[in-house]
Structures are given as structure tokens and as C-alpha cells.
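Participant: There's a structure below that I have some questions on.
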Amino acid sequence: GQDKNQKERKLIYRTLGKTGIRVPVIGMGILSSGSPALMRVALDAGITHFDSTAGQTQIHNEEMIGEVLKGVPRESVIFGTKIHLLQDYKTGLYTKAATEDDFLKKLDMALKRLKMDYVDIVYHHMVSRRESAFHEPVMKAMEKAKKAGKARFLGITTHSNIPEVVHAAADSGFYEVVMASYNNRQKNHKLVKEAIAKAADRGLGVVAIKVIRGDWKKDEIPVNPSASLKWVLQDSNVHATIPAFSNFEEMDMDLSVMEDLKLT
């Protein structure tokens, strides 16, 4: 039956740099699905790496995740959440409102909704400037969260000025995982590739996002989503991806990439 096929899937694992975390190269970004059934099937298929965004728009998703994972041994899944603080959108720099306190409160609220004592990775979310990557209140908050056992590892995410931020993460000696938009339609994908290579070389875990949809507008579906995933995963400096599949067909297609990933 279907379950049997799910169980026998071929999974390809990589390690998120010096964190030592081993995950299948395809994880699940829970942004668009909000579906407990889909998350359960993903767990059954061997997906262990899940990722969400903390915040008002995602409250339902976080609570759903908490419910689904209730019966699952916590150490059997790798869970990341992203914390976003107010920035000046024109400059990408932080305002005075981006405080240490604000970061820690948001993390605590997310943990409560997720029914977790800790996340494996807490991300400093949506950074677009080198300067912002080193915003002291955020770094202090993250350090506190780690010391308090609320996060095992510290990460950073970037969707714009990607090479600049990935280089900053690699230079920081602070961030342990970097999550970056990476796809073959980026005009600067060669620069992104170089930055990612440096991050991986420095021991950071590398998670690629916006791999399939990339910069496509909502109503444009990429011609060949599997090819987009394969293109990114053929870069051995990418340790994981977290496609936000929103139905079973998409999930199936994404997972099947691991069946015949030509590794270079």
C-alpha cells in the first residue's frame, strides 16, 4: 500500500556543518501548508527537519505543529524557528524597537505555541545588511537563549543582498547555520554560490530556501520544480532545503528528487 512505499523511500542525508546535525536534504518549511495531515505524512516519509516562522501570521501553524509533534520524541526531529524584528525597510537597518527583550519574548511565545522547551535552531530572520547581522541586541538575545537551553544552535536568514549577509555570517564566528535564498534564476547566483562555499568551509550549516519558487510571481509555477531542487542540491555546500510544499503531490515530487539526485 501507499504507506509501504513511503517507508521505503531513499533518503539522502547531509550534516549541517559543525552542528553535527544530520538531516535528509529535503525538509519541510511550514509556511503555506498549515495541514496536520501533510506534516504527519512527511514524518512518516522520514522527514525530520521542520522549520517555521515565529509571528502573528503563523500562530495557527505553530499550534498545529505543537499538536502533531505531541506524541513524537522531541530528539527525533530537528526544528528551527525564525524571529524577525522591526527594521527600516529602506535601509535594512534596525530601529530602536529591535531590542534584546523583544527577541526573547517572541521566542518564548513561539515555544509556548509549539509546546516545546527548545528549538534546535533559532534564526535571526530576514537580514539584508552586514551591519544588521551584527546588531548587538539580537546577538545578546540569541546568546541568552542558547545559555538558557531554549536553542541549541544560532542561525541567520537572508532573502536580499544575500552574498553580503552570507559572508557576514561566515565571518561572524557566532552564527552556526545560515539560511539563504539560492536558485538558478538569481542574477547573482554565482556570487551566492561563492558565499555559501565560504560559509560551509567555515563550518556553518547551509540551508537553501526559495529554491523552487525563487523569484517567480505567485501565479507562475516553475517549469520543472524537481530540476530546480536538483540544481541546488548538486552543490555539496548546501546541506538542506526546506520546500514549503502545500499538498501531497508537491511533497511527493520534492521527495522523489532524492531517488536519483546525481551528486557531483
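Participant: Name the residue, out of Thr91, Thr99, Thr95, that is closer than 25 Å to Ser181 by Cβ, in contact (Cβ under 8 Å) with a residue 24 or more places away in the chain and of a type in the set (S, T, N, Q). Give the derivation first.
Facilitator: Details: Thr99 fails: closer than 25 Å to Ser181 by Cβ; Thr95 fails: in contact (Cβ under 8 Å) with a residue 24 or more places away in the chain.
None of the others qualify; the one that does is Thr91.
Participant: While we're on this one: Determine if the stretch 139-156 includes at least one residue that is out of contact with any Pro (no Cβ under 9 Å at 6 or more places or on another chain), closer than 19 Å to Pro243 by Cα and either buried (at least 24 other Cβ atoms within 10 Å of the Cβ) or in contact (Cβ under 8 Å) with a residue 60 or more places away in the chain (or both). First the steps, then the outcome.
Facilitator: Residues of the stretch 139-156 that are out of contact with any Pro (no Cβ under 9 Å at 6 or more places or on another chain), as a first pass: 139-156.
After this cut, where a residue has to be closer than 19 Å to Pro243 by Cα as well, the list is 155-156.
Adding the requirement that they be either buried (at least 24 other Cβ atoms within 10 Å of the Cβ) or in contact (Cβ under 8 Å) with a residue 60 or more places away in the chain (or both) leaves 155-156.
Yes, the stretch 139-156 has at least one match.
Participant: Could you please give the count of residues in the stretch 32-64 that are in contact (Cβ under 8 Å) with a residue 60 or more places away in the chain and surrounded by fewer than 17 Cβ atoms within 10 Å (Cβ to Cβ)?
Facilitator: 1
Participant: Restricting to the stretch 112-137, name every residue that is crowded, with 21+ Cβ neighbours inside 10 Å and in contact with a Phe, Trp or Tyr (Cβ under 7 Å, 6 or more places away or on another chain).
Facilitator: Going residue by residue through the stretch 112-137, those that are crowded, with 21+ Cβ neighbours inside 10 Å are 114, 119-125, 127, 132-133.
Those that are crowded, with 21+ Cβ neighbours inside 10 Å and in contact with a Phe, Trp or Tyr (Cβ under 7 Å, 6 or more places away or on another chain): Val119, Asp120, Ile121, Ser132.
Participant: Which of the residues belonging to the stretch 181-198 are of a type in the set (A, V, I, L, M, F, W, C) and surrounded by fewer than 24 Cβ atoms within 10 Å (Cβ to Cβ)?
Facilitator: Answer for the stretch 181-198, where residues must be of a type in the set (A, V, I, L, M, F, W, C) and surrounded by fewer than 24 Cβ atoms within 10 Å (Cβ to Cβ): Leu191, Val192, Ala197.
Participant: Right, something else. Taking the stretch 89-105, which residues are crowded, with 16+ Cβ neighbours inside 10 Å and either β-branched (Val, Ile, Thr) or touching a Ser or Thr at 6+ places or on another chain (Cβ under 8 Å) (or both)?
Facilitator: Across the stretch 89-105, the qualifying residues are Gly92, Tyr94, Thr99.
Participant: A further question follows. Among the residues of the stretch 79-88, write down those that are out of contact with any Asp or Glu (no Cβ under 8 Å at 6 or more places or on another chain), buried (at least 17 other Cβ atoms within 10 Å of the Cβ) and not β-branched (Val, Ile, Thr).
Facilitator: Listed by number, the residues that qualify are His84, Gln87.
All of the numbers you see were taken from the coordinates with simple rules; none came from a lab. From a predicted model like this one, the values you see are computed outputs, not experimental measurements. So basically every Cβ, Gly included, is an ideal-geometry build from the backbone, and we count neighbours across all protein chains shown.
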